[in-house]
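The values are calculated or read from the model by the stated rules, or taken from the named source; none is laboratory data. On a predicted model such as this, the values are computed, not experimentally measured, just so you know. We place every Cβ from the backbone using ideal geometry, glycine too, and count neighbours over all the protein chains shown. With ligands, DNA and RNA removed, areas are computed over all heavy atoms of the protein, side chains included. Shrake-Rupley method; radii C 1.70, N 1.55, O 1.52, S 1.80 Å.
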Amino acid sequence: MKILGISAGRKNSNNDAMCREALMGAVEVGAEIEFINLQNVHLEHCTGCTACVQSLFSGRGNRCVLKDDFDWLLDKMLDADGIIFSIPIFEKGAAGIFHTIMDRFGPRMDRGNNIVANQILVENGKEGIDPRIFKDRVISYMGVGGSDWSTRVQCDCLNHALTPMWKVVDNEVFSWSLGIIMNDESVAKAHQIGVNIAEAAKDIKHAEWKGAEGACPHCHNNEFYLDPKSTHAICCACGMEGDLKIENGRVCFDFPQEQLKHAHDTLSGKFIHADDIKANEGRQANLRNTIEYKERMDKYLDFITSSMPEREEKKVLENV
């Protein structure tokens, strides 16, 4: 059983300490551990080029055109049974470096996409997708913030986990956390998060949520997109639609059971989404081949060009 700890904070600061504390808890349960600070990892931003989608569904496997350390980091995650993220909170949500990982997971790590792509490869007599991508894992998140501005971070974390369908065990927020290593209660909680994920990694199939119960009974998210004219709401994590109600003084999210098949963290929901994307991409491809589309795009290209730093402008001129 291997537990990987990943800190997205400054080196040897609060996030590193909390991540290491959680790993100490995992060791107590018998886990093999590894620790990574993302400041040592070179990660390029996703450009939205969709090359990963094209390579998946054209039977060429799971590829990204960017050349950096992401594949090294992904390999470490795929070798682990459980993962603990310790993430600084910026502007109420997860730090940008964590969003870069979320973006790079995108369609490339989506379990539904990989199942379809693997079938395409096998049917064409080619080697299938890395089997580790289909392995179930447990994951826990700790958001570490300097104040109480932290309302988006848990939803950010849930959105990261739903792509590969990894099971979330804990999703904790530590507010007012400057000097957090002196707060015995917070340190003990981080330690318990490590214990929880190591215990869950022993039997991932039966792993259970250990955090506080959320308003959404499916994914434990507390962030919703609201219809201002009614009680209708959409869970910002799992995407299910229902109504917010007050029961026994508590906000509850009530949804029809049929909505479960549309949840973004289920295979049925992912297949529905994949079909929608496929249809939309087909329409877009047809549009690009029309004269009207090309004329409209040329209008924007002719209107104004992008400003760029001198070094980038020089590169462009050298390649002309």
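Spin-label model, Leu226 to Lys315: label points 7 Å out along the Cα-to-beta-carbon direction sit 4.5 nm apart.
Packing-based ranking of 257-269, 212-224 yields 212-224, 257-269, ordered from highest to lowest mean Cβ neighbour count within 10 Å. Rolling a 1.4 Å probe over the protein heavy atoms gives the chain an accessible area of 56 Å² per residue. Remark: spin-label model distance Phe35-Glu213 equals 3.6 nm, labels positioned 7 Å along the Cα→Cβ axis. Taking other residues whose beta carbon is less than 13 angstrom from the beta carbon of Gly82, and scoring Lys, Arg as +1 and Asp, Glu as -1, yields -1. Stretching Thr47 away from Leu301 to a fully extended chain increases their span by 89.5 nm, per 0.36 nm per residue minus the current alpha-carbon distance.
Over the stretch 18-165, the pair-distance histogram of Cα-Cα distances with 5 Å bins from zero comes to 2, 9, 17, 20, 20, 15, 9, 5, 3, 1, 0 percent, rounded to whole numbers. Close Lys pairs in the stretch 260-320, defined as Cα atoms under 24 Å apart and 8 or more places apart or on different chains, number 4.
Bridgeable lysines around Lys189 (alpha carbons under 23 Å apart, same-chain partners fewer than 8 residues away excluded): Lys2, Lys11, Lys92, Lys167, Lys202, Lys210.
The distance between label points at Gln284 and Glu123 comes to 2.3 nm (points 7 Å beyond Cα on the Cα→Cβ vector). Taken as Cα centroids, the stretch 150-167 and the stretch 172-222 sit 13 Å apart, rounded to the nearest whole angstrom. Measuring only protein heavy atoms, the 1.4 Å probe finds Trp72 accessible over about 120 Å². Structural descriptor for the chain: relative contact order 16 percent, calculated from alpha carbon pairs under 8 angstrom and at least 6 residues apart. Under the convention that each Lys and Arg Cβ holds +1 and each Asp and Glu Cβ holds -1, the size of the dipole of the stretch 171-320 around its Cα centre is about 300 debye. Mean residue ellipticity at 222 nm, helices only, the chain: -13000 deg cm²/dmol; runs of at least 4 DSSP H residues each add -39,500 (n - 2.57), and the sum is divided by the number of residues. Hey, how much of the P(r) for the stretch 116-182 falls beyond 13 Å, as a percent of Cα pairs? The answer is 71 percent, as a whole percent. Each Lys and Arg adds +1 at its Cβ and each Asp and Glu adds -1 at its Cβ; summed about the Cα centre, the stretch 116-155 shows a dipole of about 60 debye. Across all C-alpha atoms in the stretch 181-320, the radius of gyration and Dmax reach 24.5, 68 Å.
For the stretch 175-236, the spread of Cα positions along the three principal axes, ordered from largest to smallest, is 46, 36, 13 Å.
Along the stretch 245-257 the Karplus relation, 6.51 cos²θ - 1.76 cosθ + 1.60 evaluated at θ = phi - 60°, assigns HN-Hα couplings of 9, 10, 10, 6, x, 10, 6, 10, 10, 10, 9, x, 4 Hz to successive residues, with x for each Gly and Pro. Which whole number in µm²/s is D for the chain by Stokes-Einstein, with the Kirkwood Rh taken over Cα pairs at 25 °C and 0.890 mPa s? The Stokes-Einstein estimate is 113 µm²/s. Please work out the C-alpha center-to-center distance from the stretch 86-140 to the stretch 61-78 and express it in whole Å. The distance from the Cα centre of the stretch 86-140 to that of the stretch 61-78 comes to 10 Å. Relative contact order for the stretch 1-110: 38 percent, from Cα pairs under 8 Å spaced at least 6 residues apart, divided by residue count.
Around the amide H of Ser86, modelled in the peptide plane, lie the amide H atoms of Ile6, Ser7, Ala8, Met142, all under 5 Å away and 5 or more residues distant in sequence or on another chain.
If only the Cβ of Lys and Arg carry +1 and only the Cβ of Asp and Glu carry -1, the dipole of the chain around its Cα centre is close to 560 debye. Candidates Leu73, Thr50, Ala17 compared by Cα position along the dipole of the stretch 1-115: farthest toward the positive end lies Thr50, with charges placed on Cβ.
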